[in-house]
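A short worksheet on the structure shown next.
Throughout, read-outs are computed from the coordinates displayed, never taken from laboratory work. Just so we're clear, the structure is a prediction, and the values are computed from it rather than from any experiment. Methodologically, a virtual Cβ is constructed for each residue, glycine included, from the backbone with ideal geometry; neighbour enumeration extends over all protein chains shown.
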Amino acid sequence: MTLHYLPAETHQFAIVTSRAVGNAVVRNKLRRRTKAILRTLIETTPQVKGVFRYRPEANHLTFDELTASVTELLQRTKK
């Protein structure tokens, strides 16, 4: 997954999953999980507007692996 972001005054995220990731069930599951992770991390991250873009390999990630990936990407925005 990749994160494209810009500094902002408030948090704002978009989640993009192409059909290459999987069928609608898989894509929506990734979106729901990402939203849940972002809700828990929102207080500890800098204010950014960003777009999460998933690659086809993302459909094999567990919730813990997805959490680690999202956390790592958001930590990079602090630099």
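Values as computed for the structure displayed
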| read-out | value |
| --- | --- |
| Lone qualifier among Thr77, Thr62, Thr34 - being crowded, with 16+ Cβ neighbours inside 10 Å and among the polar types (S, T, N, Q) | Thr34 |
| Subset tally (residues that are under 16 Å from Leu74 (Cα atoms), touching a residue at least 24 places away in the same chain (Cβ under 8 Å) and not basic (Lys, Arg)) for region 17-43 | 5 |
| Region 5-24, subset surrounded by 12 or more Cβ atoms within 10 Å (Cβ to Cβ) and among the β-branched types (Val, Ile, Thr), residue nearest to Glu57 (Cα to Cα) | Val21 |
